[in-house]
Amino acid sequence: STAPTPTPAAAQGARTGPRIIAVGSGKGGVGKSTLSTNLAVAMARQGRKVGLVDADIYGPSQPRLLANEGQRPEAQGNKLVPVPSPWGVPLLSMGHLVPPGQAIAWRGPMAGKALGQLIDAEWGDVTDLIVDLPPGTGDVQLSMLQSHKPAGAVIVSTPQDLALMDAMRAIGLFEQAGVPIVGLVENMAGYICPHCGEESDPFGIGGAEAAAKAMGHAFLGRIPLQMSIRVDSDGGRPPAAGEGPVADAFASIARRLST
Ligand code: ADP
């Protein structure tokens, strides 16, 4: 019999615990939270033990998206226990700790500390942790890169130039910290009219793929701008848990995260 091979993380003396995959974006409103939820749900459907951390400390939306709003995590010793969701993805979010409607106005160090509590939690047998970062390149991102270095980062952008320029800045931040870019996802690419079925491109199409290519990064796939994505997401029914082209698109991106 052969001796067990040490995991690369253990071999390097790095942190133990689940592998962290950060989902980042240059700006807000491009679908970073939506992508995080649906990647986690798609990975769980593919048989992986995956958890989700809502690091969007100032605007947590994951409890709504994963349909476990209003629950509070319990503590085990000095660690939080993630809150289960109906979609097989346990979640920790500031939204579970701070009552809805209450403003979260912390300075950077406190926000960084809060994030640490969400990540260093009782994750049990979870092997992959998707972390939904706040948009941009601020304190929370920096603190995460310093003390909870992700194994990789997925960057989401809409196809238009402005969003892409911001996305490139976010990519730069990860690269400087030595975090590998898993690839780019283009969201809101192509709109299918629910009435006539005609496809149009309100934000253009192909921009993120071209940018990925130009920067030497992988393009992981595109998600269309589709009303049902917003409606189902707001209703706590992640589209990745359903059937059809949108669920397939999330599944295909999730498979790219499996290695
Ligand atoms: P971010 O996390 O980048 O701020 P969100 O994921 O919260 O962005 O998305 C912003 C809004 O856009 C939400 O209401 C969400 O439901 C909606 N949305 C995101 N992606 C899509 C899409 N592909 N089609 C339709 N609506 C979307």
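Only Cα pairs under 8 Å and at least 6 apart count here; give the relative contact order of the range 17-256 as a rounded whole percent. Please list the in-between numbers first.
Working: 515 pairs, mean separation 63.4, N = 240.
Dividing the mean separation by the residue count of the range 17-256 yields 26 percent.
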With unit charges on the beta carbons (Lys and Arg positive, Asp and Glu negative) and the dipole taken about the Cα centre of the chain, which residue among Ser36, Leu97, His148 sits farthest to the positive side?
His148
What are the extents of the Cα atoms of the range 146-188 along their three principal axes, listed from largest to smallest and rounded to whole Å?
32, 15, 13
Counting other beta carbons within 10 Å of each residue's own, what order do Arg72, Arg230, Arg64 fall into, fewest first?
Arg72, Arg230, Arg64
Under the Karplus relation with 6.51, -1.76 and 1.60 and θ = phi - 60°, whole-Hz ³J(HN,Hα) for the range 80-94, x at Gly and Pro, equal 7, 9, x, 8, x, 10, x, 9, x, 10, x, 9, 10, 9, 4
Working out 0.36 nm times the residue gap between Ser228 and Ala214, then minus their Cα-Cα distance, what length gain in nm do you get to one decimal?
1.8 nm
Quick one: order Ile104, Ile205 by neighbouring beta-carbon count within 10 Å, fewest to most.
Ile104, Ile205
Give a residue-ordered list of calculated ³J(HN,Hα) values for the range 158-167 (Karplus: 6.51 cos²θ - 1.76 cosθ + 1.60, θ = phi - 60°; whole Hz; x for Gly, Pro).
7, x, 7, 4, 5, 4, 5, 4, 5, 4
What's the center-to-center distance, using Cα atoms, between the range 187-212 and the range 39-98 in Å?
30
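Report, in listed order, any pair from Lys79/Lys149; Lys49/Lys113; Lys49/Lys149 with a Cα-Cα distance greater than 22 Å. Walk me through the intermediate numbers first.
Values: Lys79/Lys149 19 Å; Lys49/Lys113 25 Å; Lys49/Lys149 20 Å.
The answer is Lys49/Lys113.
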Using Cα springs under 10 Å in a Gaussian network model of the chain, which residue among Leu129, Leu220, Leu80 shows the largest mean-square fluctuation?
Leu80
Enter the mean projected area of the convex hull around the alpha-carbon atoms of the chain, in nm², rounded to one decimal.
15.3
Please compute the length gained on full extension between Val98 and Tyr58, using 0.36 nm multiplied by the number of residues separating them and subtracting their Cα-Cα distance.
13.4 nm
Can you list the residues, at least 5 places off or on another chain, whose amide H is less than 5 Å from the amide H of Phe219, using H built in the peptide plane?
Leu184
Would you kindly derive the ³J(HN,Hα) couplings of the range 120-135 from the backbone phi angles with the Karplus curve 6.51 cos²θ - 1.76 cosθ + 1.60 (θ = phi - 60°), listing them in order in whole Hz, with x for Gly and Pro?
7, 9, 6, 7, x, 8, 5, 9, 10, 10, 7, 10, 7, 7, x, x
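Given only helices, namely DSSP H runs of n ≥ 4 each adding -39500 (n - 2.57), what is the per-residue ellipticity at 222 nm of the chain, to the nearest 500 deg cm²/dmol? Walk me through the intermediate numbers first.
Numbers: 10 runs with 92 residues, N = 259.
Value at 222 nm, helices only, nearest 500: -10000 deg cm²/dmol.
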Of Gly26, Gly47, Gly124, the one that fluctuates the most in a GNM where the chain has Cα springs shorter than 10 Å:
Gly47
State to the nearest 20 debye the size of the charge dipole of the chain about its Cα centre, where the only charges are +1 on K and R beta carbons and -1 on D and E beta carbons.
620
Would you mind telling me the antiparallel percentage of the DSSP bridges in the chain, rounded to 5?
15
Relative contact order computed over the range 114-259 (Cα-Cα under 8 Å; 6+ residues apart), in percent
18
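Once fully extended, how much extra length lies between Arg107 and Cys196, figured as 0.36 nm per residue of separation less the alpha-carbon to alpha-carbon distance?
Details: separation 89, 0.36 × 89 = 32.04 nm, distance 4.85 nm.
Here the segment from Arg107 to Cys196 would lengthen by 27.2 nm.
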Which residue, Ala103, Ala210, Ala67, has the most motion in a Gaussian network model of the chain that connects Cα atoms within less than 10 Å?
Ala103
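Sorting Glu243, Glu122, Glu186 on the 10 Å Cβ count, fewest up front, what's the list?
Details: Glu243 8, Glu122 16, Glu186 31.
Neighbour counts put them in this order, fewest first: Glu243, Glu122, Glu186.
Since every read-out is calculated from the coordinates, none of them should be taken as a lab result. These figures come from a predicted structure and were not determined experimentally. Every residue, glycine among them, receives a Cβ derived from its backbone with ideal geometry; neighbour counts consider all protein chains shown.
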